[in-house]
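**Q** Can you read through this structure? Questions will come right after.
The values are calculated or read from the model by the stated rules, or taken from the named source; none is laboratory data. Treat the numbers as computed from the prediction; the structure is a model and nothing was measured. Note: ideal-geometry Cβ built from the backbone for every residue, glycine included; neighbour counts use all protein chains shown. Accessible surface areas use protein heavy atoms only, side chains included; no ligands, DNA or RNA. Shrake-Rupley method; radii C 1.70, N 1.55, O 1.52, S 1.80 Å.
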Amino acid sequence: MAAQTELKKDIGLFPALALVMGTVIGSGVFFKVAAITDVTHSVGLTFLVWILGGIMTICGGLTAAELAAAIPQTGGMTKYLEYTFGDFWGFLSGWALAFIYFPANVAAQAIIFSTQLINLFHLDKGLLIPIAFIAALSVLLINFMGSKAGGMLQSVTLVIKLIPLALIIIFGLLQQDKVDFSLFPPMESGNGSLFSIIGTGLLATMFAYDGWMHVGNIAGEMKNPKKDLPLAISIGIGLVMAIYLLVNAAFMFSLPISALAGNENAAADTAMKLFGDQGGKLITIGIMISIYGSMNGYTMTGMRVPYAMAENGMLPFSRQFLKLSKSGAPWFSGIVLYIIAMAMVLMGAFETITNMLVFVIWFFYCMTFVAVMVLRKKQPNMERPYRVPLYPIIPLIALISGLFVLANTLFTQPVLALIGIGITLIGVPIYFYKRNQNRAHGI
């Protein structure tokens, strides 16, 4: 039994780094410029929002990396919270991740991938759902071949997706258009107060930067997690931030802010100006590769969360969730993730679901930041191969940033936030049922 349920340690630093960057760099880098500029109507404010979002994410990554190195277990954040706050919070975070967050992201990426493919080849729009199903299924089948295959796909798509990004950056920055990139003093040129503009813009960047935490899910399959995992998180986020700033600079050198605001085809329009008619096709291919890699990242990490929860016997059908393919992939978990994701594809409310999950996930991110400080106090002698620098300043910045995201969502989109809380709380009765069942069986 042990041989059938033991994950293989095949992942090195570069695949882990590729997982961070490949999961984060998905649709956000291409589509969120429209939402942010629509709110800011200012080059300086747009850059300020991207920079603040990057700093918040880097502080969060540097903080969470301390737990990732000290508790390098498959399951990532769920294991950190379980270790620090107990089984209940570990289970609830795992529930939200495994059965809501990851499937919703896979669904969203599959639909965007399908939409871009239809636009590229001028296919019948009625094929949107079948193509989405096939795209997500192809990623799942690759991951059934094991973490090495999934990591290889992630590495390859990361390298390929950077090519069109690099072309846009290089040729975009060569444009002669004069652009005022002044960050200070920030001017209220958008809709509403400066505080609300920055807050709304940050919510958009949080989606674009999201995905960095979940590389911890594959810690149990890394060759040297205590050394490589913190490096993958911190270096990966830093590089993503640099890429995002350069891409947005290229957009703004190429098109006026009025042409970017609310324009979901801003990336394609930029490519058309830079490279002509073929540029639109080039950027579409780049977007598709980027989204495919992001879908792989969410599938690869997401299918390992139920596996980690099943190890504790805390899921219905735990024995099934522990089943691995011959190459060591948790195939049953992958099938469940795929079924939920495809149900969400049929439902169609992807943007709403994604916005809701940004709220849900940041609640648990904040708990992770608190966990670092709690363990520093309760277990000062705990082995910590990596320590967050400038403690406690960076963890406090991460926590305050997370609380800002939660408060902003709660006040600006209260219904969405309450729905997210409600769906997460569905896991509570399941937890107590399984706990009592395990106790009755002496587990």
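**Q** Without any contact (Cβ under 8 Å) to a residue 24 or more places away in the chain, more than 30 Å from Asn438 (Cβ to Cβ) and among the hydrophobic types (A, V, I, L, M, F, W, C), is that true of Ile131? Let's see the steps before the verdict.
**A** Details: without any contact (Cβ under 8 Å) to a residue 24 or more places away in the chain: yes; more than 30 Å from Asn438 (Cβ to Cβ): yes; among the hydrophobic types (A, V, I, L, M, F, W, C): yes.
Judged against the criteria, Ile131 is a match.
**Q** Based on what the data block shows, is Ala268 at pLDDT 80 or above, within 26 Å of Ile285 (Cα to Cα) and crowded, with 17+ Cβ neighbours inside 10 Å? Talk me through it step by step, then tell me what you get.
**A** Working: at pLDDT 80 or above: no; within 26 Å of Ile285 (Cα to Cα): yes; crowded, with 17+ Cβ neighbours inside 10 Å: yes.
Here the answer is no, as Ala268 does not meet what is asked.
**Q** Ok, one more. Any chance region 222-233 includes a residue that's open to solvent by 30 Å² or more (accessible area, probe 1.4 Å) and touching a helix residue (DSSP H, G or I) at 6+ places or on another chain (Cβ under 7 Å)? Reasoning before the result, please.
**A** Initial filter on region 222-233 (open to solvent by 30 Å² or more (accessible area, probe 1.4 Å)): 223-224, 226-227, 231.
Still in the running and touching a helix residue (DSSP H, G or I) at 6+ places or on another chain (Cβ under 7 Å): 226, 231.
So far as region 222-233 goes, yes, one or more of its residues are open to solvent by 30 Å² or more (accessible area, probe 1.4 Å) and touching a helix residue (DSSP H, G or I) at 6+ places or on another chain (Cβ under 7 Å).
**Q** Among the residues of region 131-155, which ones are over 27 Å from Met344 (Cβ atoms) and open to solvent by 50 Å² or more (accessible area, probe 1.4 Å)?
**A** Lys148, Met152
**Q** Looking at Met373, Met356, Met382 in this structure, which one is open to solvent by less than 20 Å² (accessible area, probe 1.4 Å) and touching a helix residue (DSSP H, G or I) at 6+ places or on another chain (Cβ under 8 Å)?
**A** Met356
**Q** Hey, can you tell me all the residues within region 116-130 that are surrounded by 18 or more Cβ atoms within 10 Å (Cβ to Cβ) and either in contact with a Leu (Cβ under 8 Å, 6 or more places away or on another chain) or among the acidic types (Asp, Glu) (or both)?
**A** Leu117 - this is the single residue of region 116-130 that is surrounded by 18 or more Cβ atoms within 10 Å (Cβ to Cβ) and either in contact with a Leu (Cβ under 8 Å, 6 or more places away or on another chain) or among the acidic types (Asp, Glu) (or both).
**Q** Let me ask something else about it. Sort out which residues of region 241-258 are in contact with a helix residue (DSSP H, G or I) (Cβ under 7 Å, 6 or more places away or on another chain) and either among the small types (Gly, Ala, Ser) or under 23 Å from Ile111 (Cβ atoms) (or both), and write them in order of number.
**A** Tyr244, Val247, Ala249, Ala250, Ser254
**Q** Do we find a residue being open to solvent by less than 20 Å² (accessible area, probe 1.4 Å), within 21 Å of the chain's Cα centre (by Cα) and either within 17 Å of Gly172 (Cβ to Cβ) or in contact (Cβ under 8 Å) with a residue 24 or more places away in the chain (or both) anywhere in region 248-260?
**A** yes
**Q** Could you check, for region 368-390, whether at least one of its residues is closer than 27 Å to Lys227 by Cβ, modelled with pLDDT under 90 and among the acidic types (Asp, Glu)?
**A** Looking for residues that are closer than 27 Å to Lys227 by Cβ, modelled with pLDDT under 90 and among the acidic types (Asp, Glu), one finds at least one in region 368-390, hence yes.
**Q** Still on this structure, please answer the following. Before we move on, is Pro306 within 30 Å of Trp89 (Cα to Cα) and open to solvent by less than 10 Å² (accessible area, probe 1.4 Å)?
**A** In short, yes.
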